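Scroll down for the structure; my scribbles are underneath it.
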Amino acid sequence: MTSESPTSDGGLVLRFWGVRGSTPVSGSSYAEFGGSTPCLEVRCGERMFLIDAGSGLYNCGQHHRDALPKQVDLLFSHLHLDHTSGLPFFKPAIFDAERTLNTYCGNLDGASAEEALGRLFAPPLFPVTLDVLPCTMRHHGFRAGEPLTFPDGTRVDTILLNHPQGSVGYRFEHGGKRLCVISDIEHTDPWPDPALLDFVRDADLMVYDGMFTDCEYPTCRGWGHSTWQKGVELAKAAGVKALAIIHLHPCHSDTLLHSVEADMQAEMPSAFIARERQSVLVGAPVEAPAGAPRPSEAIEPLALARIA
């Protein structure tokens, strides 16, 4: 893995624009892993998809500027605030009258995101409504579990995940490589879930919600998030080649996350914790970041306030 854009040669490339869960954070304690909420960019060759519109979407837009395609496809895992708050700040898209922003939402029993986003981005919660923006917005609803087939023939498979009000996992296949994005999810008992096991089987890279550690999870049961330990367990059972942990808890500092990553890599060497702006060529060898410290102190359970 690398912090720069890898040479894809038409391959399957993932870039993390936001990896934090629940709320953005900032400061020196978050300099390496980042503080923006979820936004992922997936490139199937030159074909671009975005997953989620958290605060990381702003930097995604600033990075690409005029290089964005005229048709931008934004796939929502779900519509909680940490996955939607960046939408009106995606400036290169929303201020371009020649661009179309297609949103896809699969956790509302077939309904699109239009009504929910219209209620969120309107006075008194937001100064303007989305319909005043220059771009064209087209909202598409589907039911998680149905495949998405796009006008150019690209197919993306989906699965319903265990999360309050539901969440959608996505599977991309391109150039003989497979990428699965599984967030937000709370693991079930027993684990792994058979349907999810089949969905991620033999993936070259699985992105997984590891908001908590095993010692933290008992006080957070029912909140809709999982642990890196359950991510490793699922990856091993499904023959997944590499694992990336996202939806990082806002209380987890760089120092703590380095310790978590060291523990995780002791169980699965190809696993890592995602870093904001990091790019990964799916299927390429995974390397630990150069110079990353590996603190040896034990991690005590955090006194976690409930965060949705």
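Extension gain, LYS70 to ALA31: 0.36 nm times the residue separation minus the Cα-Cα distance gives 10.8 nm. Of the trypsin sites (Lys or Arg not before Pro) found in the range 207-243, those in coil by DSSP whose Cβ has at most 13 other Cβ atoms within 10 Å are ARG221. Full extension of the chain segment joining HIS140 with VAL128 gains 2.1 nm, where the gain is 0.36 nm per residue of separation less the Cα-Cα distance. The region of the chain that goes longest without hitting one of the GluC sites (Glu not before Pro) in a DSSP loop, each with at most 11 other Cβ atoms within 10 Å, is 99-286.
3J(HN,Hα) along the range 14-20: 10, 10, 9, 9, x, 10, 8 Hz, from the Karplus curve 6.51 cos²θ - 1.76 cosθ + 1.60 with θ = phi - 60°, whole Hz, x for Gly and Pro. The calculated FRET efficiency for the pair LEU197 and ASP109, based on their C-beta separation and a Förster distance of 25 Å, comes to about 0.50. Full extension of the chain between SER270 and LYS91 yields a length gain of 60.9 nm, computed as 0.36 nm times the residue separation minus the alpha carbon distance. Where both bridge residues fall in the range 12-281, DSSP classifies roughly 50% of the beta bridges as antiparallel.
Rounded to 0.05, the FRET efficiency of the ALA262 and THR149 pair, given R0 = 30 Å and the Cβ-Cβ distance, is 0.10.
Residues HIS249, HIS78, HIS258 in ascending order of nearby Cβ atoms (within 10 Å, fewest first): HIS258, HIS249, HIS78. Taking other residues whose beta carbon is less than 12 angstrom from the beta carbon of ARG155, and scoring Lys, Arg as +1 and Asp, Glu as -1, yields -2.
A convex hull fitted around the alpha carbon atoms of the range 12-281 yields 124 Å³ per residue. Pairs of lysine residues in the chain that meet both criteria, 8 or more places apart or on different chains and Cα atoms under 22 Å apart, total 4.
Residues MET264, MET211, ranked from the fewest to the most other C-beta atoms within 10 Å, line up as MET264, MET211. As a proxy for reagent exposure, MET137, MET206 were ordered by neighbouring Cβ count within 10 angstrom, fewest first; the result is MET137, MET206. Using only Cα atoms and rounding to the nearest 10 degrees, what angle (0 to 90) does helix 228-238 make with the longest principal axis of the chain? Orientation of helix 228-238: about 80 degrees from the principal axis. Nearest 10 degrees, 0 to 90: what angle lies between the long axis of helix 254-267 and the longest principal axis of the chain (Cα atoms)? Tilt of helix 254-267: around 70 degrees.
Bear in mind that the values in this text are calculations on the coordinates, not laboratory data. These figures come from a predicted structure and were not determined experimentally. We place every Cβ from the backbone using ideal geometry, glycine too, and count neighbours over all the protein chains shown.
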